[in-house]
Amino acid sequence: MQRELCGGTAQSPMTGDCAVDARDLTKRYGERILAVDRLTLRVHRGEVYGFLGPNGAGKTTTLRMLVGLIRPNSGEVRVLGEAPGTPNGLRRIGTMIEAPAFYPFLSGRDNLRVVARYAGIAEERIGPVLAEVDLAERAGDSFGSYSQGMKQRLGVAAALLKEPELLILDEPTNGLDPAGMAEMRTLIRGLGQGGRTVLLSSHLMTEVEQICDRVGIVRKGRLVAEGTVAELRAEDALRIRAEPLDEARRVLAAMHGVGEVAVRDGQLRIATDPARSAAINRALVEAGLVVSEVCVERASLEDVFLDLTQESEVGS
Ligand code: ATP
């Protein structure tokens, strides 16, 4: 499932369509903890990439290495063509990796003034970024009075101040209620439009499924699957309830283009294009069978995620 769209090899450096090119990254904490294990990650320019994994899988550690907050033990990284942590790279990357630290007694706008001044960014940027994260109306209120969702959005606003080409967000919906999560998802989808690259980490499959162009699933520091949501999902299937079951199975097995017919919980299950459901229904009815249900079974990314991250330890 892994693709090599960014091109390049360990011998030939990354090509221009790759925003993040990390190869064989390994990070150990002491002797015992192998947090990231020969991880190869490529994020294409302009995409929203979801870095998905359960707690402790190594997501934060990876993101920290990408921006030079910590060094890998081995492996190579280029972010926007630069080594991690170099001023030339950092000025083009917006990050929200640590919990955003703002002064509670200052307003959202004044907190951004502090950040802008510190980073040498013109104050003219503050209005547009506040509007982009939908905080313009509450910009004069103190940070301490903000809801958790507003606090997170101010963190995104701070990351946007330098008009970054790449935005790296570590668990941006962490700690938010369902409404706050939905707002953040809408915001991130918007941020990913217009050529900006977004790399976000999450342990929530449904979230990544709704926002991201491509997804990488990490488990115990290793990338275990990568692709678009559609690529990662198992094939769609049809579930059919018909009587008598054996006869229905025989009719379906004889139909052209229908794959293996499985029986599960007294129903038939076939991996086939859902568009064939009407033809399948007709064939069964014409064979004199009673069809009480034909429905499409779509595998969610969650099924795939659980399969990949909860597999037995044997062989891992
Ligand atoms: P979460 O979703 O819970 O934030 P994660 O996927 O981001 O998890 P990491 O925070 O990268 O995972 O942690 C990966 C592993 O490295 C874990 O076993 C964690 O305990 C360990 N780890 C992380 N930071 C340190 C550190 N500073 N010192 C020692 N071990 C660490």
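Across segment 197-214, what is the total count of residues that are away from the ligand (no atom under 16 Å from the Cβ) and either open to solvent by 40 Å² or more (accessible area, probe 1.4 Å) or part of a helix (DSSP H, G or I) (or both)?
4
Among the residues of segment 9-37, which ones are at pLDDT below 75, surrounded by fewer than 16 Cβ atoms within 10 Å (Cβ to Cβ) and not polar (S, T, N, Q)?
Of everything in segment 9-37, those that are at pLDDT below 75, surrounded by fewer than 16 Cβ atoms within 10 Å (Cβ to Cβ) and not polar (S, T, N, Q) turn out to be ALA10, PRO13, GLY16.
Do we have LEU52 as away from the ligand (no atom under 16 Å from the Cβ), of a type in the set (A, V, I, L, M) and in contact with a helix residue (DSSP H, G or I) (Cβ under 6 Å, 6 or more places away or on another chain) here?
Criteria not met by LEU52.
Might you check whether a residue that is loosely packed, with under 15 Cβ neighbours inside 10 Å and either within 18 Å of LEU200 (Cα to Cα) or of a type in the set (Phe, Trp, Tyr) (or both) occurs anywhere in segment 112-119?
yes
Among the residues of segment 38-49, which ones are within 15 Å of the ligand (Cβ to nearest atom) and buried (at least 18 other Cβ atoms within 10 Å of the Cβ)?
Selection gives LEU39, LEU41.
Might you check whether a residue that is at pLDDT 90 or above, within 11 Å of the chain's Cα centre (by Cα) and open to solvent by less than 20 Å² (accessible area, probe 1.4 Å) occurs anywhere in segment 222-230?
Checking segment 222-230: not a single residue is at pLDDT 90 or above, within 11 Å of the chain's Cα centre (by Cα) and open to solvent by less than 20 Å² (accessible area, probe 1.4 Å).
Within segment 215-267, how many residues turn out to be touching a residue at least 24 places away in the same chain (Cβ under 8 Å), part of a helix (DSSP H, G or I) and of a type outside the set (A, V, I, L, M, F, W, C)?
Qualifying residue count for the region: 2.
Within segment 82-96, is there a residue that is modelled with pLDDT under 90 and basic (Lys, Arg)?
Yes; the residues of segment 82-96 include at least one that is modelled with pLDDT under 90 and basic (Lys, Arg).
Would you be able to say whether some residue in segment 86-96 is farther than 30 Å from HIS44 by Cβ, surrounded by 16 or more Cβ atoms within 10 Å (Cβ to Cβ) and among the hydrophobic types (A, V, I, L, M, F, W, C)?
No, segment 86-96 contains no residue that is farther than 30 Å from HIS44 by Cβ, surrounded by 16 or more Cβ atoms within 10 Å (Cβ to Cβ) and among the hydrophobic types (A, V, I, L, M, F, W, C).
In segment 157-187, how many are modelled with pLDDT of 90 or more, open to solvent by 10 Å² or more (accessible area, probe 1.4 Å), within 16 Å of the ligand (Cβ to nearest atom) and assigned to a loop (DSSP other than H, G, I, E, B)?
Residues that pass the stated criteria total 1.
The values are calculated or read from the model by the stated rules, or taken from the named source; none is laboratory data. Just so you know, these numbers come straight off a predicted model, no measurement behind them. Neighbour counts run over all protein chains shown; Cβ positions are idealised from the backbone, glycine included. For the accessible areas, the whole protein counts, side chains as well, though only heavy atoms, and no ligand, DNA or RNA atoms are used. Shrake-Rupley method; radii C 1.70, N 1.55, O 1.52, S 1.80 Å.
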